[in-house]
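Trainee: Take this structure, written in structure tokens, and hold onto it; I'll ask about it next.
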Amino acid sequence: MLARLRSTLDFMPSPVEDRPGLVIRDPFHFSDATLIIPPPLVPCLEFFDGEQSELDLRAFLVRISGELDVSGLVQHLVETLSSAGFLEDENFARLREQTERAFAEAPVREPVHAGAAYPAEAAELSATLAGYMDQPAPSATPSIARDPVLAIAAPHVSPFGGVEAYRAAYSALSPADAERTFVILGTSHYGEPDRLGLTRKRFVTPFGEARTDTGLVDRLAAAAGGGAFMEDYCHAVEHSIEFQVIFLQHLFGPHIRILPVLCGSYARSLYLGGMPEDNEHVRRALGALGDLAAKEGDRLLWLLGVDMAHMGRRYGDAIDAHAGQNEMAEVTLRDRQRIERMEHGDAQGFWSLVQENHDDLKWCGSAPIYSFLRALPQARASLLHYQQWNIDERSVVSFAGVRFRSS
């Protein structure tokens, strides 16, 4: 039988004009390979489902090519996918074990998106972020404002795509926030649903090492029990926290204190109904976050790394999406309805809107937002800036800069 094609791969149309086809890559970075499957061979991928054999694939290729001897093509396709680490076979098991072990043994979490989503050199990154913020970075001070910001929500889209929303969110912070510990609730794109993903590792960026408050990590892990996983490998490749760290370091210096938390999706509630905390693990995790917030108070500043709607061809929709136009005008109205629930601190109302049509808006930030609203029911949002961005010519992501204060 043919090995199963991994379900955790990224697939997208080839952007290379003279090499059309389907691009396959591994968002988990177990493999650094990128393949472009030519259009005639794309249907062959359906045979890698764990239930069909090489004979089935060979018969298909004979039928579409008219050639009887296709054994060489079958062998080449199987070997290419396997060597790339894209099949659930022994080679992938070896790659995964090596990569996860290396991350577990590493003392720090490296900046995997430096050089791609943002500059890899400190001086260039500083100049880039200064341009984004359009204001000088605040100097650090230990004093705390009398009415401190409780939290902000910023995008986790590549910074160059969400400049205005990033600027709006981070401009809500002041020099007085420098000594607080930043609890970063990031969207977990690859982790287990209904769980928090934790790590004790320090986060390295071109600016230096951000300190992870391991004491808070341990307290949260103990209180959440089965609602949290420690040293979740997803931290090694996830961008939703990394992007927040570089903005915080730009404002307050490299040695900020953070508590990085990945929030897994609440898929069970989304598709089967009920509230996320109907799941015992979620209930315990939300309780642990709430207890931490109550005990630490203003020593913590919460930061949500969240994007909102994902619409268009890239995300499986049968429309060409253009920011602010046609169908995206309706998306704006629906996004703002959800933001309005955040402004009222209405966690249940927010989630009921997310559940409509099993979240056809595809808000990948819904889990961190709901978790925060449940853990800190006193939080009231203020929308600072709403934005839509064409991530490609046919697809749009929406996001916002939001400030939260206590009611």
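Trainee: Rank 343, 46, 280 by mean-square fluctuation in a GNM of the chain with C-alpha springs under 10 angstrom and give only the top-ranked residue.
Mentor: Result for the chain, Cα springs under 10 Å: 46 fluctuates most.
Trainee: For the range 1-129, what is the Kirkwood hydrodynamic radius in Å, using each pair of distinct C-alpha atoms?
Mentor: Values: mean 1/r = 0.0589 Å⁻¹.
Hydrodynamic radius (Kirkwood, Cα pairs) of the range 1-129 is 17.0 Å.
Trainee: What per residue convex hull volume, in Å³, comes out for the range 56-213 when only alpha-carbon positions are used? Intermediate results must be reported in sequence, preceding the final value.
Mentor: Details: hull volume 31.4 nm³, N = 158.
Spelled out: Cα convex hull of the range 56-213, divided by residues, is 199 Å³.
Trainee: Hey, another quick one. Go through 332-339, 190-197, 220-227 and give me the packing order, highest mean Cβ count within 10 Å leading.
Mentor: Numbers: 332-339: 16.0, 190-197: 20.9, 220-227: 17.6.
Final packing ranking: 190-197, 220-227, 332-339.
Trainee: What percentages, rounded to whole numbers, describe P(r) for the chain computed over all alpha carbon pairs with 20 Å bin width beginning at zero?
Mentor: 25, 55, 18, 2
Trainee: If 184, 319 are ordered by their accessible area, calculated over protein heavy atoms with a 1.4 Å probe, which sequence runs from highest to lowest? Walk me through the numbers before you get to the answer.
Mentor: On the way: 184 0, 319 40 Å².
Listed by decreasing accessible area, they come as 319, 184.
Trainee: Find, to one decimal place in angstroms, the Kirkwood hydrodynamic radius of the range 139-246, where the mean of 1/r is taken over every pair of different Cα atoms and then inverted.
Mentor: It is 15.4 Å.
Trainee: Per residue, what volume in Å³ does the convex hull of the Cα atoms of the range 253-407 enclose? If you can, show how the numbers build up before the last one.
Mentor: Numbers: hull volume 19.4 nm³, N = 155.
So the per-residue hull volume is 125 Å³.
Trainee: Measuring from the lowest to the highest alpha carbon on each principal axis, how far does the range 296-383 reach, largest first, in angstroms?
Mentor: Taking max minus min along each principal axis of the Cα atoms, the range 296-383 gives 47, 22, 21 Å.
Trainee: Give me, ordered by chain and number, the residues 5 or more places off residue 200 or on other chains with an amide H under 5 Å from its own placed amide H.
Mentor: Here the answer is 231, since their amide H atoms fall under 5 Å of that of residue 200.
Trainee: For the chain, set up a GNM with springs between Cα atoms under 10 Å and report which of 149, 42, 354 has the largest fluctuation.
Mentor: Of the options given, 42 has the highest mean-square fluctuation.
Trainee: What's log10 of I(q)/I(0) for the range 7-46 at q = 0.14, 0.15, 0.31 Å⁻¹, Debye sum over Cα points only, no solvent?
Mentor: Here the Debye-derived log intensity ratios amount to -0.30, -0.34, -1.08.
Trainee: Hey, another quick one. Quick one: ranking 291, 18 by accessible area, 1.4 Å probe, largest first, what do you get?
Mentor: On the way: 291 85, 18 130 Å².
Ranking 291, 18 by accessible area, largest first, yields 18, 291.
Trainee: Send over a whole-number figure in Å² for the accessible area per residue of the chain, probe 1.4 Å. It would help to have the intermediate numbers written out before the result.
Mentor: Values: 17890 Å² over 407 residues.
Using a 1.4 Å probe on heavy atoms only, each residue of the chain averages 44 Å².
Trainee: Say each of residue 326 and residue 10 gets a label point 7 Å from the Cα, pointing the same way as Cα to Cβ; how far apart are those two points in nm?
Mentor: The modelled label-to-label distance comes out at 2.5 nm.
Trainee: Then there's this: Answer with one residue from 204, 223, 185: the one whose Cα lies farthest towards the positive end of the charge dipole of the range 179-271, charges on Cβ with Lys, Arg +1 and Asp, Glu -1.
Mentor: Selected residue: 223.
Trainee: Grab every C-alpha pair in the range 197-263, bin the distances at 5 angstrom width from 0 up to the longest one, and report whole percents.
Mentor: Final binned percentages: 3, 19, 29, 23, 16, 7, 2, 0.
Trainee: Another question about this same structure. Applying a 10 Å radius around every beta-carbon, put 256-269, 54-67, 20-33 in order of their mean neighbour count, most first.
Mentor: 256-269, 20-33, 54-67
Trainee: Quickly work out the residue 357-to-residue 101 label distance, labels modelled 7 Å from Cα along the C-beta direction, and quote it in nm with one decimal.
Mentor: According to this spin-label approximation, the distance is 4.8 nm.
Trainee: Something else: Return the sequence-ordered ³J(HN,Hα) values of the range 283-295 in whole Hz as given by the Karplus equation 6.51 cos²θ - 1.76 cosθ + 1.60 applied to θ = phi - 60°, using x for Gly and Pro.
Mentor: For the range 283-295, the Karplus-derived couplings read 4, 5, 5, 5, x, 5, 5, x, 5, 4, 4, 5, 6 Hz, x marking Gly and Pro.
Trainee: Using amide H atoms built in the peptide plane, which far-off residues or other-chain residues are under 5 Å from residue 323 H to H?
Mentor: For residue 323, whose amide H was placed from the backbone, the distant partners under 5 Å are 390.
Trainee: Would you grab the residues whose amide H sits under 5 Å from the one on residue 190? Only those 5+ places off in sequence or on another chain, please, with H modelled 1.01 Å from N.
Mentor: Here nothing satisfies the definition.
Trainee: Rounded to whole Hz and in sequence order, give me ³J(HN,Hα) for the range 55-71 from the Karplus expression 6.51 cos²θ - 1.76 cosθ + 1.60, θ = phi - 60°, writing x for Gly and Pro.
Mentor: With the stated coefficients, the range 55-71 comes to 5, 5, 5, 4, 4, 5, 5, 4, 5, 7, 9, x, 9, 7, 9, 10, 4 Hz.
The values are calculated or read from the model by the stated rules, or taken from the named source; none is laboratory data. Because the structure is predicted, anything quoted here is derived from the model rather than measured. Glycine gets a Cβ as well: all are built from the backbone with ideal geometry, and neighbour counts include every protein chain shown. What goes into the accessible areas is simple: the full protein's heavy atoms, side chains included, and nothing from ligands, DNA or RNA. Shrake-Rupley method; radii C 1.70, N 1.55, O 1.52, S 1.80 Å.
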